[in-house]
1. Using only Cα atoms, tell me the angle between helix B:115-130 and the longest principal axis of chain B; keep it within 0 to 90° and round to the nearest 10.
2. Normalised by the residues of region A:60-115, what does the relative contact order come to in percent, with Cα pairs under 8 Å and at least six apart?
3. Based on the mean of other Cβ atoms within 10 Å per residue, sort peptides B:255-261, B:236-242 so the most packed one is first.
4. Which value in deg cm²/dmol, rounded to the nearest 500, describes the helix-derived mean residue ellipticity at 222 nm for the protein assembly as shown, given -39,500 (n - 2.57) per DSSP H run of n ≥ 4 and division by the residue count?
5. With 25 Å as the limit, write out which pairs from A:Lys75/B:Lys45; A:Lys135/A:Lys157; A:Lys135/B:Lys232 have Cα-Cα distances beyond it, or answer none.
6. Among the listed pairs A:Lys161/A:Lys229; A:Lys78/B:Lys266; A:Lys39/A:Lys162, which are separated by more than 28 Å between their Cα atoms?
7. Over chain B, with a Gaussian network built from C-alpha contacts below 10 Å, which listed residue (B:Thr82, B:Thr126, B:Thr227) shows the highest mean-square fluctuation?
8. List the aspartates and glutamates whose Cα sits under 20 Å from the Cα of B:Lys144, skipping any in the same chain fewer than 8 residues away.
Amino acid sequence: MEIDRVDGRTPNQLRPLACSRNILHRPHGSASWSQGDTKVLAAVYGPKAGTKKNENAEKACFEVIWKPKTGQIGKVEKECEMILKRTIQSICVLTVNPNTTTSVIIQVVHDDGSLLPCAINAACAALVDAGIPMKHLAVAICCCLADNGYVVLDPNKLEEKKMSAFAYLVFPNTTLSVLPEGSSVAEGEPVEHGIITSVTHGVMSVDDYFLCVENGHAATASLSAFFRKNFQQSQRDSSKAG
Amino acid sequence: MGLPDSSQDLSTEMEVDAFRRIFPLRFFERHLSESLRPDARPLGKARDTIVNPGLVSTADGSALAKIGSTTMLAAIRMEVMTPSTDSPDEGCIALEFHMPPICSPTVRPGRPADAAPVISKRLSDTILSSGMVDLKELCLVSGKAAWMGYLDIYCLNADGALFDAALLSAVAAFSNLEIPVVALNDNGRIVAISGGKDEDNASIIEKKAVNKEKRKLTLKNIPFSLTCILHKNYILADPTTEEESIMDTLVTVVLDASDQMVSLYKSGGTVLAYSSAVKSCVELARKRAKELKQILGEMDID
């Protein structure tokens, strides 16, 4: 039985994606990312000299500031900051610029479901725009579980509230390489199937979780292709201008 | 990292403590290659866990949970409040996790620890989504009065696996909780009764199941959690602060009594989690849930 979604999408279909980079002039890198009506603006300043007090001075340090659309900063924002910070730390090459701090500022423009994945994607695009060295991108997707066991990708706010459980999953981006498949395998699985970050809400069975992860893999392929196309497009445009 | 040859020469001459401080990762990997950790635990084993209920006499429910050296004190205070209009039959639980400066040398007064609000939110999400406490049981008079439970968890000693210990202390505090007896007085307000005397004046409006005794909550689907570290091919269960600072990939699995997964939390980290690693973590969490269930069961009998 297929699920009927309010906006007529199939369960595996993502909302229309839009990404524009270099939209702000002061930050060293900036990007705006929208998935349907959810829109997030990310700005990157850095690297700046010096690290924070308890941080390791032999590595680059990241600081994330999350600004909600309305209201004061509370525990929800602190948790999002921590998750984003740790995700960024795991994808960036920390040894290139030791003893520096890079600030990533996230401004929520509109929240219509799947906010944290949208912010992670926006932060990656902004980091690329700023030229921060990274190992790979972090591609984030929200998978939720409907009552009848179906996995639905990229829900909007109403769907998120109705669902019994949902998971935010972040994977490395899929690689496009000339070398044959066998060279990018770790533990019998392709490298892009490793989970960078996973945050779940609601109760689900362990098998359902793995089902969400599988569906997430399929979505990362299309998201990675979108990232690649978007970056190549702007590269072509800037090389024409310069 | 330093020249590998020079550290090898130094290691034969250096004291163990110095080696542990200067080359921490190498120190740990030496142990991991023998499938042990510096405190002689096998990789998949959690530290000794103790739960002591009812320590705080002024609170309606309390518990102290110790996992190794990590110590958490949870206390619940119940107050009567008016329920909200969208859920007139439900009470409410407000959870706060505190990390006072006593718990760790990195926490200073006046500046809240980074981890505190994050753990606080994760705990309240986990407890509410697991459905352990049925909020309808906290209702007194539909639409007019319901219980609000203020659950405060204090970290007294932070030695790794803070979320696990905090969740355990919260669960133990809830099972130790005795809801105070109240009565509806003539003005229509809820008044607390301390001794159970003076029943002629007050008409007691409570659920039919309990009359004059203090009431215990029925807890279903109790969540149990286990934090693991992923490092290369190794999976270490229940890390200490030292291990957490050296190896940064932590995975927390929360399972409930019916083997459903309440939460799988992995927040970044240098190691990517493949499905084999996730499955092993879930297995370790299952074993740990059985151990914790037994410990809580023994606590109730006492």
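1. 60
2. 60
3. B:236-242, B:255-261
4. Taken over the protein assembly as shown, the calculation gives -10000 deg cm²/dmol.
5. A:Lys75/B:Lys45; A:Lys135/A:Lys157, as the Cα separations exceed 25 Å there.
6. A:Lys161/A:Lys229
7. B:Thr82
8. Straight-line reach from B:Lys144, under 20 Å: B:Glu79, B:Asp86, B:Asp89, B:Glu90, B:Asp134, B:Asp186, B:Glu206.
Read the figures in this text as sums done on the coordinates, not as results from a lab. These figures come from a predicted structure and were not determined experimentally. Glycine gets a Cβ as well: all are built from the backbone with ideal geometry, and neighbour counts include every protein chain shown.
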